[in-house]
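Everything below concerns the one structure shown next.
What follows draws every value from the coordinates through simple rules; no lab data is involved. These numbers come from a predicted model, not from an experiment. Counting neighbours? That spans all protein chains shown, and the Cβs are built from the backbone with ideal geometry, glycine included.
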Amino acid sequence: MVNVTIDGRQVQVPEGTTILDAAGKAGVRIPTLCYWKGLNEIGACRVCVVEVEGYHKLFAACNNKVQEGMVVHTNSPRARRDRRLNVEMILSEHEGDCATCVRSGNCSLQKVANDLNITVQPYKKNAQKDKSDPRFPLIRDSGKCIKCMRCIQVCDRIQNACVWDVINTGSRVTVGVEHAYRLDQSDCTLCGQCITHCPVGALQERDDTERLMEAIQDPEKTVMLQIAPAVRTSWGEYFGMSREQATMERLCGVLKRIGVDYVFDTDFSADLTIMEEGSEFLKKWTEKSDELPLFTSCCPGWIRYCKSRWPAYVPHLSTAKSPQQMFGAVVKSYFAEILKEDPHRLFSASVMPCVAKKHECAIPAMNDACGDPDVDLALTTRELFRLIRSLNIDPLLIEEVLLDAPFAFGSGAGNIFGATGGVMEAAFRSAYFLATGGNPDPDAFRDVRGMDGWKEATFQILGKTLRVAVVNGLGNADRLLRAMDDGKVHYDFVEVMACPGGCVGGGGQPVHEQRFMAAERAPMLYARDQTDTLRFSHENPSIQAIYQDYLGEPLSELAEKLLHTDHESWHMPKEAWRPETVFG
Amino acid sequence: MSRIRLFTENQAQQTVEDLYKDIERRISAAQPGLCPVDLAATFLHICRSQSCGKCVPCRIGLGQLEGLIDSVFEGSATLDTIKLIEETAESIYETADCAIGSEAARMVLKGLRGFRDDYEEHILHHRCTAMQNQPVPCVYQCPTHVDVPGYLALVHAGRYADAVRLIRKDNPFTSVCGLICEHPCESRCRRTLVDNPINIRGLKRYAVEHAGVVHAAECMEKTGKRVAVIGGGPSGLTVAYYLSLMGHEVTVFEQRDKLGGMLRYGIPAYRLPREVLDEEIDVLKETGFKVQTNYRISSSEEMKDLQKRFDATYISLGAHTGRTVGIEGEDAKGVVPAVKMFRGIGDGFTPDFHGLRVVVIGGGNVAMDAARTAVRCGAGSVTVAYRRRKNDMTAQKEEIEGAVEDGVRILDLTAPVRINKNEEGHAVSLLVRPQIPGEIRQGRPQPRGMEGQDQEIPCDRIIVAVGQGVDSDVFGEFGIPLDRGKIAAIDTSEILSQPGVFAGGDCVTGPATVIRAIAAGKVAAANIDEYLGYHHEIQVDVDIPPIGLRENDPCGRVEMKMRPPQERIQDMDLMECGMTAEEAKQESGRCLHCDHFGYGIFKGGRIAKW
């Protein structure tokens, strides 16, 4: 243990503790900006500098360790002046149009500057001008970037996508795309983790909210909107709503107030995915075991990563479309028939915790229902918030409304799709049934739950042992594929979610400075599953109905047409064999 | 009334002189990988401030040039701007009245020719081709990428054995390099920005000498793969050491009596004592590689046979044949190539030069070694004849100074013309011609003889140290591609036309430094391992002490001391003295720890394994 004094308060901390953490223990708050614990401890912004007695230089509190007897002053005249000047320098390079910035009110730089009572700017404004292509789902504005380097770190160290890097040298250093000139020419997976780690508004998704409003205002269009499992865990966060307040029914009420005609639950098509993917797996497992392992395909960030980095594994991706895309295909066929409506007049939108979904719905081949895109528009949870706010709607004043039949709900299995391990667990609940004709204990596959990056489990079905793995975060996916490629691990079925923690931690979710939200949101999905009376996808009456009335059985010809896709129908920019790009 | 006055510097000027020194040091330690266009603009800015303002091209033109280069950065330039920059610079060069303007313009022109790609990249793509990939200068500058800040921290903490183990992760020759490494690690040391580079080599020596016996690392599981290493010098032994650690079965074939290559048959014992070398080689041999000495590959058939018996081969012959000057009388008795003399010494035959007058021809490190060895072999006088200026010598400055202290006379601008012999065919004198330094080409002035001024240097022995070649004929016959006698291996140490055959060290680069030979061995070891179908990783479980806060006030660098000349020239014992504990503590404490402070903490501060 080490004894230190911080702002006159004595505290004892273990050896190796940073000044920042020691200060926290002493009840002294030190402002930080570039710092993200465990990910970015590089002392770049110099906002957390403190004065240490005996030294003339100031030191970053975030990455320097305390020493026995150290006396630290966080608010000495020099510490205050230097911290303020550093923030003013950052502001001089920052395009600070707060009034028109998506991160206004949730911006770490704004908060630091406000907290330090900075009201004048002594330095000449000198922000960079580059803005990336506004048509791509992920947009970077150089003028707002404060070079905290978090995007580089999360892209390199968590996702192993290595898209962002430091470019140029000296005072012209900025963040750019590695091995390409433009983002849309890069291997970017569109996971969006750089957005949720950006302290300012330098990175954001393409805002498509106006396109939804245009469709709503178009009298020719019938607008349906699906809500992804993970969105229900987070949509109320920016409104400051409690879990009890931010229900699906309240969100439905809000969307109806906005003018959406039908509000559906993506949990339904998650159940549908289970029927198709589970059947596909069982078929391969029993008939074509040389085609195993099977990889899940619900996560478009993972599909993009697999195609650009591990193209040899593309044939192992399940052909089942993601729940978003299955929903779109069903709406513009089955549901259009129910409505007796021309499918071309249906506008199919979604709210997703995800940026890559914007790309997925724009894949040209995703038009199986009627020739139009199966899903016309994908909004992120953050866009949903901005849309509601822009219409001056206070959700707390809106009454709860039930979602629309026949896709008003899914099973608990479909619901846990939003968290890492959820797809695998849901798939096995039904695969067990499809293989044996009887239901397993719904919690039999609980070993794949939890926030670990790489989980393994073995299950017994029909006396055979199944080896499965669940990874979240593309860096873990990469490690798994490398080990698999080296022959070190063998699995039959692998679930991959690009974002750490799964969709609950998705790149389209509300941003919270330095908080790993997936761990806080996932339990909400599991809690609902536990109390649900319906815990198996195959028992969802809407699922039973659609197969009975329309699709026939899983993997039927119609099911193949509407609910499956060819992952080779489009290409990542750097896929070796054909350099084409899908522009979302 | 005073008519004239003495010039005295005012305080402002004195401060400026200090600042010049600061910027000189800063430039000398500048990290590679900076944007060349940015630097061109920056240098031009300095040049502008030097203009007296009299003439148009310099006063106005340089400013306009800088503006044009700035427009390249700002994104307003087009490819036509490059042409305007070039024309403007040419015009300034041609019309400026004095060197302040014309030389500034010439720098811009040089840059345009040297890095036009970079200008174009900025204009077309608004970015720079330069990449900052060297966060920790010493680690990057060391060809083997030894974790320098890591072991300096260990030395500072008194953990010498751990320091040695950490160094051995990347470089098995810790003792050798502690004594004779050319220490490229010091060349860009960031401490130079404050005062002077850290004495890294001296601290390595201190660690080694205070570590006690540090055994080789544990070998990994046996693979059953067999690797032949041809040549037991630093490069070959490095390969043997790392591949043995990785579990491969290695046999080293050495044509001489003992292992060590140039370390034994080239470096004098007063710089590298034989017992130090032997101990180091003994540690490497703990990994279990086999050694066959007095084994020379003398035909391509033997090479074929070797290739059959082994899964991979590493060629590290060294460069052991002495080049000749090409003058009349070089065949005289008493004329000996330096390599031959050192080879004899390596095998225990020390020449007796008592009372003899010795002349050494050459200006490199080998020439200095030869001259200083001759002094220690009792020579009555030792003279070095070198055709360029002393400043142009390729030998290290401290070696030249040390030789002079040892009593060696250096005759620079003195080109050998002829060796005169007596009736018995023995050399009696060296005819030399004084030189005048001429036009500068590739950084060095071309010397030109002054006719009619030839002088005779009477002498009894002439040692020729003008370069070495590679004895590679047999390998050429076998089918190894050669490049002017050197083995043509690529930077992965592979030989493209010969799968499974690798090469490195002096036989590939020509005579170079021990650390470059070791680096080649390290690269080859990794790539041979891959070639054999493995991916063994070399790492070490040494935890680096936490880096404390530091102020970095200027503090003098501890230099190595030498035994007094009159004492050291009496024997072949080590002439350099190690640091004291107090010196080592202070010197290791000067490290700025670029692994923790600066870019190192963000990117590549520590390479834990390879």
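Using the basic label-point model (7 angstrom from Cα toward the beta carbon), what is the B:His125 to B:Ser497 distance in nanometres?
3.5 nm
How large is the dipole of the protein assembly as shown about the Cα centre if only Lys and Arg carry +1 and Asp and Glu carry -1, each at its Cβ, rounded to the nearest 20 debye? All intermediate terms of the calculation are to be shown ahead of the outcome.
Numbers: 137 positive and 163 negative charges, 666 e Å.
Using Cβ point charges on Lys, Arg, Asp and Glu, the protein assembly as shown gives about 3200 debye.
In terms of modelled amide H atoms, which long-range or inter-chain residues lie less than 5 Å from the amide H of A:Val175?
Placed amide hydrogens put A:Ile167 under 5 Å from A:Val175.
Suppose a student asked you for the relative contact order of chain A, using Cα pairs under 8 Å spaced at least 6 residues apart; what percent would you report?
16 percent
Just to be sure I understand the curve: with the Debye formula and one point per C-alpha of chain B, what is log10 I(q)/I(0) at q = 0.05, 0.06, 0.11, 0.12 Å⁻¹?
-0.27, -0.40, -1.24, -1.36
Calculate for the protein assembly as shown the 222 nm mean residue ellipticity that helices alone would give, adding -39,500 (n - 2.57) per DSSP H run of length 4 or more and normalising by residue count, nearest 500 deg cm²/dmol.
Calculated at 222 nm, the ellipticity per residue is -10000 deg cm²/dmol.
In whole Å, what three semi-axes, largest first, describe the equivalent ellipsoid of the protein assembly as shown built from its Cα gyration tensor (square root of 5 times each eigenvalue)?
For the protein assembly as shown, the ellipsoid semi-axes come out as 67, 38, 29 Å.
Starting from the Cα-Cα distance between A:Lys340 and A:Ser76, subtract it from 0.36 nm times their residue separation and give me the gain in nm to one decimal.
Going from the current span to full extension adds 87.7 nm.
Could you check what % of the DSSP bridge pairs in the protein assembly as shown are antiparallel, to the nearest 5? Write out the running numbers ahead of the final one.
On the way: 54 of 110 bridges.
Antiparallel bridges: around 50 percent, rounded to the nearest 5.
If you add up the charges near B:Ala99, with Lys and Arg at +1 and Asp and Glu at -1, over every other residue whose beta carbon is less than 14 angstrom from its beta carbon, what do you get?
Net charge in that neighbourhood comes out at -1.
Sorted by mean Cβ packing within 10 Å, highest first, what order do the peptides B:554-563, A:359-368 take?
Packing order, densest peptide first, comes out as A:359-368, B:554-563.
When a footprinting reagent is the concern and you count Cβ atoms within 10 Å, what order do B:His156, B:His248, A:His571 take, fewest first?
A:His571, B:His156, B:His248
Across segment A:2-91, what fraction of all alpha-carbon pairs, as a whole percent, falls in each successive 5 Å bin from zero upward?
Calculated over all Cα pairs of segment A:2-91, the distribution is 3, 16, 27, 26, 18, 7, 2, 0 percent.
Work out how much length B:Gln64 to B:Arg113 would gain on full extension: take 0.36 nm times their residue separation and subtract the Cα-Cα distance, in nm to one decimal.
Going from the current span to full extension adds 15.7 nm.
Provide, for q = 0.12, 0.17, 0.20 Å⁻¹, the log10 of I(q)/I(0) from a solvent-free Debye sum over equal Cα point scatterers in segment A:454-584.
For the requested q values the scattering log ratios are -0.83, -1.41, -1.30.
In peptide A:169-179, how many Cβ atoms from other protein chains are near each Cβ within 10 Å, on average?
Mean inter-chain Cβ contacts per residue within 10 Å come to 4.
Note down the net charge around A:Pro300, summing +1 for each Lys or Arg and -1 for each Asp or Glu among other residues with Cβ under 13 Å from its Cβ. The partial results should precede the final answer.
Working: positive: A:Arg304, A:Lys307, A:Lys321, A:Lys357, A:Lys358; negative: A:Glu360.
Local charge sum for A:Pro300: +4.
Could you sort the peptides B:299-307, B:198-206, A:518-526 by per-residue average Cβ neighbour count (10 Å cutoff), highest mean leading?
B:198-206, A:518-526, B:299-307
Check which residues have an amide H placed less than 5 Å from B:Val417's amide H, if you skip close sequence neighbours.
B:Leu431, B:Val432, B:Arg433
Would you mind calculating the relative contact order of chain B from Cα pairs under 8 angstrom and at least 6 residues apart, reporting the percent as a whole number?
Rounded, it is 15 percent for chain B.
Given R₀ = 45 Å, FRET efficiency for A:Ser92-B:Thr394 by Cβ-Cβ distance, to 0.05?
0.35
For segment B:1-118, what is the Kirkwood hydrodynamic radius in Å, using each pair of distinct C-alpha atoms?
Here the Kirkwood hydrodynamic radius works out to 15.9 Å.
Taking 0.36 nm per residue of sequence separation and subtracting the Cα-Cα distance, how much length would be gained by fully extending the chain between A:Val173 and A:Asn392, in nm to one decimal?
Taking A:Val173 through A:Asn392 to full extension adds about 74.8 nm, to one decimal.
How well do other chains shield peptide A:65-74, expressed as the mean number of their Cβ atoms within 10 Å of each residue Cβ?
Rounded to a whole number, the mean comes out at 1.
Which distance in nm do the two modelled labels at B:Glu182 and A:Asn367 give, with both placed 7 Å along the Cα-to-Cβ direction?
6.5 nm
Would you grab the residues whose amide H sits under 5 Å from the one on A:Val2? Only those 5+ places off in sequence or on another chain, please, with H modelled 1.01 Å from N.
A:Val13, A:Glu15
Using the Cβ atoms and a cut-off under 12 Å, what net charge is assigned to the surroundings of B:His125, where Lys and Arg are +1 and Asp and Glu are -1?
Result for the neighbourhood of B:His125: -3.
Taking Cα pairs under 8 Å and at least six residues apart, what relative contact order does segment A:96-205 come out at, in percent?
30 percent
At q = 0.07, 0.13 Å⁻¹, what log₁₀ I(q)/I(0) does a Debye calculation on the Cα points of segment A:209-563 give, no solvent, two decimals?
The calculated log intensity ratios at q = 0.07, 0.13 Å⁻¹ are -0.26, -0.96.
Return A:Ser269, B:Ser429 ranked ascending by Cβ neighbour count within 10 Å, so the fewest neighbours appear first.
Ranking A:Ser269, B:Ser429 by Cβ neighbours within 10 Å, fewest first, gives B:Ser429, A:Ser269.
Tell me, what HN-Hα J-couplings in whole Hz come from the Karplus equation 6.51 cos²θ - 1.76 cosθ + 1.60 at θ = phi - 60° for each residue of segment B:490-503, using x for Gly and Pro?
8, 6, 9, 6, 7, 10, 4, 7, 10, x, x, 10, 10, 8
Sequence neighbours fewer than 8 away in the same chain don't count; with that in mind, list the lysines whose C-alpha is under 21 Å from A:Lys147.
Within the straight-line limit of under 21 Å, A:Lys147 reaches these lysines: A:Lys37, A:Lys111, A:Lys124, A:Lys125, A:Lys129, A:Lys131, B:Lys603.
In nanometres, what is the gap between the two model label sites at A:Glu210 and B:Ser300, each 7 Å from Cα along Cα-to-Cβ?
7.5 nm
Among A:Glu276, B:Glu398, which comes first, then next, by fewest other beta-carbon atoms within 10 Å?
Least crowded to most crowded, the residues run B:Glu398, A:Glu276.
Strictly greater than 24 Å: what percent of every Cα pair in segment A:96-205 meets that?
In whole percent, the share of Cα-Cα pairs in segment A:96-205 beyond 24 Å is 24.
Where the centroid of each part is defined by its Cα atoms, how far is segment A:487-551 from segment A:407-423 in Å?
5 Å
What's the FRET efficiency of B:Glu328 with B:Thr350 using the Cβ-Cβ distance as r and R₀ = 45 Å, to the nearest 0.05? Present the calculation step by step, with values, prior to reporting the outcome.
Details: r = 30 Å, r/R0 = 0.67.
The calculated FRET efficiency here is 0.90.
Just to confirm the number: angle between the C-alpha axis of helix A:474-485 and the first principal axis of chain A, 0 to 90 degrees, nearest 10?
That works out to roughly 60 degrees.
FRET efficiency for B:Leu34 and B:Gln292, Cβ-Cβ distance as r, R0 = 35 Å, nearest 0.05?
0.10
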